[in-house]
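Read-outs throughout are calculated quantities, based only on the coordinates presented, and are distinct from any laboratory measurement. Given the structure is predicted, the values throughout are model-derived calculations rather than measurements. We place every Cβ from the backbone using ideal geometry, glycine too, and count neighbours over all the protein chains shown.
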Amino acid sequence: MTAVLDVREAWKVYPGTPPVESVRGVSFTVERGELTTVVGASGSGKTTLLNLAAGLDRPTSGTIRIAGHPIENLSDRMLSGLRAHRLGVVFQRFHLLTHLSVTDNVAMGLLYRGVPAGLRRAAASEALERVGLSHRAGHRADRLSGGEQQRVAIARAVVGRPELVFADEPTGNLDSVSGAGVLELLGELNRDGTTIVVITHDAKVAAAGRRLIEMRDGRIVRDSGGTP
Amino acid sequence: MTLSTELRPPRLRAADLLPVATGGLRTRRARLLLSILGIAIGISAIVAVLGITRSSQADLLARLDRLGTNLMTVFNGSNLSGREVPLPATAALTIRHTEGVEAVAPTAELDGIGVYRSDLIPPQITGGLSVRAADSSLVPTLRGATLVGKHLDEMIGGYPVTVLGHAAAKTLGIADLSGTPRVWIGGRWYTVIGILRPLELAAEIDRSALIGFPSAARDFGHNGRPSRIYVRSRTERTQAVSELLARAANPRSPHEVAVSRPSDALTARLEVADSATALFVGLGAVALLVGGVGIANVMIVSVLERRAEIGLRRALGAARRHVAAQFILESLLLGFAGGVVGVLAGAVITCVVAAGRGWQVLIPPEALGGGLVTAVAIGTLSGIYPAMRAASVPPTEALRTS
C-alpha cells in the first residue's frame, strides 16, 4: 500500500484575539484505494482539514504530503498544478456552471491540465458513463435534478482519474433518495480503484464509509482503521 | 505500484481562454450590454464628430477648390470723415492692367431702384432685392453659370432686359423663361432673359436684378462708376494682387478703397470646425472615461458575485494567472464590443448627417482604428484591478456553503 495523503501534526490557526485553532495537531494517512469518511459536528474542524488535505490551503504548522509532495514549500502555481493533475473535489453545492452543457461541465475537470478540448470531451463522455448520466450529456447543467447535478460534479472530479478525490458533504443538498444514490456511486467508484475521502456531519453517510475518522474540537478523537 | 513524483504546473490552453472568458459574459447579458454602452457612446461620439467634421471640411474644401481663393472684391471705401467714397469710373480698367489679374467684372448698385413682379406693388416692398448694372464679364469672373437663358452681353446690354440672381428669381416667383416674364424696374418693364445659378462667393449678386451699363445710364442716369468690382487673380499671385488692388483702383487715394476676399469666410469656417471638433472629441473622451469606470465597476461586482466560481476554478487547478487572464480578457472583450458598437454607430451617424447635408461621406480611417484600439485599451485597463481581486480569491472559497 502507498500513502496518497499523509498528514503529520497539522495545525491550522487563524489569527485573532484569541486565535482560533481549527485543526490541532492532526495526523493520519490515506492509502491508495481507501474510502475514508471524516465525520464531525459543525465547527469540529473537518472542513478546515479538507482545505488542507485538498491543497486548497496551507497548514500553520506540520506537514501534509499529497501524492508524495509536501505542500508547505510549494509555490501557489505548483500547488495549483497539484490540484489540477492529482486531485478531484466534490462540493456540497455542486458548483456547476449553469450556462454550460453537462459534458462541458465534466470536461472542465481537465481544463487546467492543458488537455485539448476534443480529448476533454471524450474523457467527459466516459466519466458520464461511469456515473450513469450519458443520456444527459447534452443538457444544460441547471436542467438536471439535484441528485443528477451532484453526479455530474462527481464525474467532473473523477474525469482525470486523480489519485485522490475529496467530497465535502456530497449529500448535504440532496434528499435522502438522491443522497443514497450518490453514496452508492462513490462506493462504486471506490471499488473501481478511486481513493476517496468524504467529509460529512451526517451519521448515515458516515456509516456508509469503510474507514471512519471522527473529529471534535480540531482533533481526531477516533480512527477506525489505517495508520495513525 | 509507485506514485509518479513528477510535479507539473497547471496549464490553460490559449484556445480555451476565449471560451472561458466569454462564458462569464454570456450569463449576464443585460448588465453587460449596459456596461458596454458607456464605451459605445464615447467611441461613437468621437467617431461621429471626427467623421462629420471631416465630411464638412471636405465639403468646404471642395467648395473652396471649386470657387477658388483667388476671387477678391473691390468696393466703395470711406474717407477720413466716414463718408462713403465711390470708386473712380476708370477703376475697372486700371485694375485690369495690374499684374496677376486674370479677370475683372465691374458692377454698380443702382441706389433707390427696386425690382418688382408688377407695377402694382408699392415701391417700398423691395423684397430685399436690388438692381445692379453689370456687363458680360461678371459670370465668367465669378465662375458662375446661368440656370436658364443667357447672361448680358454687349449686344443686348442697351436693351430693357435683365438677368436675375438665383435668390432674386425665387423671390419674384420666376422659375423659368416660359411666357417671357417681365419685371418692373424703376418704373419700366424689363424682360427677363436669364436666371443665374447660386453664387456662393457673391451673395449680393444672388439677390439682384442685373441690367447692362448702357440701360442703367439711359434709364436711370447712372454715371458709369462701379460700386463693386470682382477681381479674379492668378492663384499664386493672390496675396500680391490683393495688396495692389486699392492703389490700382484709386491711385490718388488708395485708402478710400475697400478690398475683401470672400473665400476668407469659408476658410474661417474651416477653423471654427476644427475648434468645435476639439471640444466634442474632449466630451467623447470624458464619456469614454466614464465608460471605462463603468466597466471596472461591473467587473468588480462580477468578481464579488463569482467568488464561488473563481474558488471552483482554483480548486480545479487554475493558477492565479489563469483567473486574472480570464477576467482581463472578459473586460477587454467588453471594451472591444463597446468599440465595435461605437465605431459602427459613429459611422452611421456620420453617414446620416452627411447625407442630410448633401456632403460626401468621409470617415477618417484613423478614427475607426483608433476608436477600436482605444476601446480595447480602456476595457483592458478597466479589467486590471478587478482581475487582481479575482486572482486573490482563495481556492477555499469554493467550499463555503453560504
Item checked: Single condition B:P9 does not satisfy, out of (1) within 13 Å of chain A (Cβ to nearest Cβ); (2) touching a residue at least 60 places away in the same chain (Cβ under 8 Å); (3) in a helix (DSSP H, G or I); (4) surrounded by 15 or more Cβ atoms within 10 Å (Cβ to Cβ) -> (3)
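Considering only the stretch B:203-255, state which residues are hydroxyl-bearing (S, T, Y) and either touching an Asp or Glu at 6+ places or on another chain (Cβ under 6 Å) or outside any loop (DSSP other than H, G, I, E, B) (or both). Show your work before the answer.
First, the residues of the stretch B:203-255 that are hydroxyl-bearing (S, T, Y): B:208, B:215, B:227, B:230, B:233, B:235, B:238, B:242, B:253.
Those that are hydroxyl-bearing (S, T, Y) and either touching an Asp or Glu at 6+ places or on another chain (Cβ under 6 Å) or outside any loop (DSSP other than H, G, I, E, B) (or both): B:S208, B:S215, B:S227, B:Y230, B:S233, B:T235, B:T238, B:S242.
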Note to self: Against the condition within 14 Å of chain B (Cβ to nearest Cβ) and crowded, with 23+ Cβ neighbours inside 10 Å, how does A:L128 come out, does it pass?
What the structure shows: no
Item checked: strands (runs of 3 or more DSSP E) wholly inside the stretch A:118-228 that include at least 1 residues being in contact (Cβ under 8 Å) with a residue 12 or more places away in the chain, touching a helix residue (DSSP H, G or I) at 6+ places or on another chain (Cβ under 6 Å) and more than 30 Å from B:D16 (Cα to Cα) -> A:196-200, A:211-216
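Suppose we keep only residues that are among the charged types (D, E, K, R) and within 19 Å of B:A367 (Cα to Cα) within the stretch B:12-60. Which one would you say is nearest to the other protein chains (Cβ to nearest Cβ)? Before the answer, list the steps.
At the first step, the residues of the stretch B:12-60 found to be among the charged types (D, E, K, R) are B:13, B:16, B:26, B:28-29, B:31, B:54, B:59.
Those still in the list that are within 19 Å of B:A367 (Cα to Cα) too: B:54, B:59.
Details: B:R54: 43, B:D59: 50 Å.
Here the answer is B:R54.
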Next item on the list: Select from the stretch A:40-85 the residues that are farther than 18 Å from A:I199 by Cβ and part of a strand (DSSP E or B) and write down the one among them that is nearest to the other protein chains (Cβ to nearest Cβ).
Entry: A:H69
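A quick yes/no check of all residues on (1) closer than 24 Å to B:Y230 by Cβ; (2) in a loop (DSSP other than H, G, I, E, B); (3) not charged (D, E, K, R):
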| residue | (1), (2), (3) |
| --- | --- |
| B:L120 | no, yes, yes |
| B:Q124 | no, yes, yes |
| B:G128 | yes, yes, yes |
| B:V139 | yes, no, yes |
| B:L147 | yes, no, yes |
| B:D153 | yes, yes, no |
| B:I156 | yes, yes, yes |
| B:V183 | yes, no, yes |
Notebook entry, point to check: Would the stretch B:339-346 turn up any residue that is within 14 Å of chain A (Cβ to nearest Cβ) and either assigned to a helix (DSSP H, G or I) or within 21 Å of B:L18 (Cα to Cα) (or both)?
Noted result: no
Item checked: Output for the stretch A:4-25, where each listed residue is more than 14 Å from every other protein chain (Cβ to nearest Cβ), touching a residue at least 40 places away in the same chain (Cβ under 8 Å), farther than 20 Å from A:R83 by Cβ and not basic (K, R) -> A:E9, A:W11, A:V13, A:E21, A:G25
Note to self: Please go through the stretch B:88-111 and give me each residue that is touching a residue at least 40 places away in the same chain (Cβ under 8 Å) and part of a loop (DSSP other than H, G, I, E, B), ordered by number.
What the structure shows: B:P88, B:A89, B:H97, B:T98, B:E99, B:G100, B:L110
